[in-house]
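To start, the structure under review is shown below, and the notes come after it.
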Amino acid sequence: MITERIGEVLARPLERIVRAVAHVSPDVLTITGLALNGVACACFAFAGGRDYVMPGLLRTGGLVALAASVFDMLDGRVARLRGRPTTFGAFLDSTMDRYSDMLLYMGLLILYARVHRTAFMVLVWVAAFGSFMTSYARARAESLIPSCTVGFVERPERIVLLVLGAVTNRMAAVLWTIAVLANVTAVQRVVYTYVELKKGWARMPEEGRP
């Protein structure tokens, strides 16, 4: 995947940054990433006027979201470097990732509401829905089978696409891509889980399934 190649390129610079911020609590880094995504949300939202879009503010939001993604990459690495990764830390990171995603989509939803683009508002909702279901399908599947990573777009790919869409002012095309691929990925994971369960991987589900 493209994000794996990007990760390989950034591995050394990230390692230096990790060592520089190793004294900071990983949970603080996680919350900082969430706060930056809140700023990106505001940039996206105010990029829309009555009937126009301000590309400069949209790009700023994309760059802030990119900075937030760096903090998202740092928290787990810092925890491992300090030798203190915790179950709660992993849970917090995953939960804040969902909030961060929804903040970005909320900013875009407000943007298109301000420019009276109802069709694009629906598109944002479909992309957000697919993004959430992709993550939920994996989490739920992996409570039943060992692994479920099939599909086209994981969270890193979606964030890269949103940043590119904001920086290049091609957000509509990016949202179409995410809306289609994220929902296809969710369906793929449903099918994959069904096939794997047929092979006998099943764990007994808890009473009262959500």
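Worth pointing out:
- The accessible surface of the chain, taken with every protein chain in place and a 1.4 Å probe, is 67 percent carbon and sulfur.
- Hull shadow area, averaged, segment 100-210 [alpha-carbon convex hull, nm²]: 7.7 nm²
- Trypsin sites (Lys or Arg not before Pro), loop per DSSP, at most 16 other Cβ atoms within 10 Å - longest free stretch of the chain: 83-169
- Heavy-atom accessible area per residue - segment 75-152, 1.4 Å, Å²: 54 Å²
- At least 15 Å along the helix axis (C-alpha) and Kyte average at least 1.0, DSSP helices within the chain: 26-46, 118-141, 155-168, 171-198
The values are calculated or read from the model by the stated rules, or taken from the named source; none is laboratory data. Please read all numbers here as calculations on a predicted model, not as lab measurements. Cβ atoms come from the backbone with ideal geometry, glycine included; neighbour counts cover every protein chain shown. Surface areas here come from the heavy atoms of the whole protein model, side chains and all, with no ligands, DNA or RNA. Shrake-Rupley method; radii C 1.70, N 1.55, O 1.52, S 1.80 Å.
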